[in-house]
Structures are given as C-alpha cells and as structure tokens.
Amino acid sequence: QVQLVESGGGLVQAGGSLRLSCAASGLTFGNYRMGWFRQAPGKEREFVASIGRSINTVYEDSVKGRFTISRDNSKKTVYLQMNNLKPEDTCVYHCAAAFANLDWNYWGQGTQVTVSS
C-alpha cells in the first residue's frame with residue numbers, strides 16, 4: 001500500500017521560511033516523479049513544483065526563486081524548501097507521486113501552511 005505522509009507545515013510570518021517533507025512508503029521511490037501541489041479554500045488545486053527521476057525540476061511561476069524542491073532517494077523523501085513566504089502562499093500543501101511520465105496517481109493527506117501578514 002502506497003503512503004505519502006507530509007510534515008513541516010505551520011504558521012509563519014510573511015518573509016519567513018518553512019521546509020515541508022513528504023515521506024513515501026510502499027513504492028520504489030526512485031522510479032517516481034514527485035511533486036507538490038497546493039489548494040486554498042474554495043479554489044482548485046494548483047501545481048507548485050515537481051522533481052523527476054533524473055532530478056530535473058519544474059516550478060510554478062509564482063514560486064520560482066523562492067521555493068526549492070529536492071529529493072533523497074535513500075530516505076524515500078521529497079522536500080519543499082519555502083523561503084520569502086507570502087500571505088498568498090497560505091494553502092494546504094499536498095505531496096504527489098507519478099510513475100515514470102504517467103499521471104499523478106498517489107496523494108498525501110496534506111499539511112497546512114499559513115502565512116500571516
């Protein structure tokens with residue numbers, strides 16, 4: 001059974017930093033593209049960042065230069081370092097996994113990030 005468990009969310013002031021972690025189990029981690037998505041109340045889920053098996057990364061425009069996605073295959077964990085946080089970054093952040101270049105098919109339960117102004 002595949003499980004993705006996020007941690008590291010919390011309350012931070014604007015300009016602050018947080019690092020999210022997502023620990024995976026039940027899958028061959030190195031074979032999966034990993035990603036972070038976020039969803040605010042009443043809004044659709046949106047893509048934040050992804051990291052491929054070959055460590056290539058993709059970012060949503062609004063987080064470029066502020067967020068960094070990374071992975072540690074030995075720990076089966078993907079990270080999202082978030083710097084210079086803004087109130088509009090307030091969302092529930094979800095980790096996701098996709099086998100090879102297929103669709104995102106595994107999701108974590110999410111971790112709340114709240115940025116106060």
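Considering region 67-90, and only residues there that are in contact (Cβ under 8 Å) with a residue 40 or more places away in the chain and hydrophobic (A, V, I, L, M, F, W, C), the residue that is farthest from Ala23 (Cα to Cα) turns out to be Leu85. Looking across Arg71, Arg38, Arg66, Arg33, one residue alone is surrounded by 15 or more Cβ atoms within 10 Å (Cβ to Cβ) and touching a Cys at 6+ places or on another chain (Cβ under 7 Å). It is Arg38.
Filter region 51-63 for residues that are within 14 Å of Glu88 (Cα to Cα) and surrounded by 17 or more Cβ atoms within 10 Å (Cβ to Cβ) and give the result. Listed by number, the list holds a single entry, Val63. Applying the condition of being farther than 17 Å from Phe29 by Cα and more than 15 Å from the chain's Cα centre (by Cα) to region 74-90 and asking which residue is least open to solvent (accessible area, probe 1.4 Å) yields Pro87. Does at least one position in region 39-62 carry a residue that is closer than 16 Å to Trp104 by Cα and touching a residue at least 60 places away in the same chain (Cβ under 8 Å)? Among the residues of region 39-62, at least one is closer than 16 Å to Trp104 by Cα and touching a residue at least 60 places away in the same chain (Cβ under 8 Å), which makes the answer yes. Of the numbered criteria (1) over 17 Å from Val2 (Cβ atoms); (2) in contact with a strand residue (DSSP E or B) (Cβ under 8 Å, 6 or more places away or on another chain), the one Pro41 fails is (2).
Scanning region 5-27 for residues that are part of a strand (DSSP E or B) and of a type in the set (Gly, Ala, Ser) yields a count of 6. Considering each of Val48, Val12 in turn, give the residue that is under 17 Å from Asp103 (Cα atoms), surrounded by 14 or more Cβ atoms within 10 Å (Cβ to Cβ) and at pLDDT 95 or above. Result of the check over Val48, Val12: Val48. Restricted to region 91-117, and to residues there that are open to solvent by 40 Å² or more (accessible area, probe 1.4 Å), assigned to a loop (DSSP other than H, G, I, E, B) and not aromatic (Phe, Trp, Tyr), the residue that is nearest to Ala23 (Cα to Cα) is Gln109. The set of residues in region 40-68 being in a loop (DSSP other than H, G, I, E, B), of a type in the set (A, V, I, L, M, F, W, C) and closer than 28 Å to Thr28 by Cβ consists of Ile55 alone.
When the residues of region 15-30 are filtered to those that are in contact with a strand residue (DSSP E or B) (Cβ under 8 Å, 6 or more places away or on another chain) and hydroxyl-bearing (Ser, Thr, Tyr), the one that is surrounded by the most Cβ atoms within 10 Å (Cβ to Cβ) is Ser21.
The values are calculated or read from the model by the stated rules, or taken from the named source; none is laboratory data. Everything numeric here is computed off the predicted structure, so don't read it as measured data. Here Cβ is always computed from backbone atoms with ideal geometry, including for glycine, and neighbour counts include all displayed protein chains. Side chains included, ligands, DNA and RNA excluded: accessible areas come from the protein's heavy atoms. Shrake-Rupley method; radii C 1.70, N 1.55, O 1.52, S 1.80 Å.
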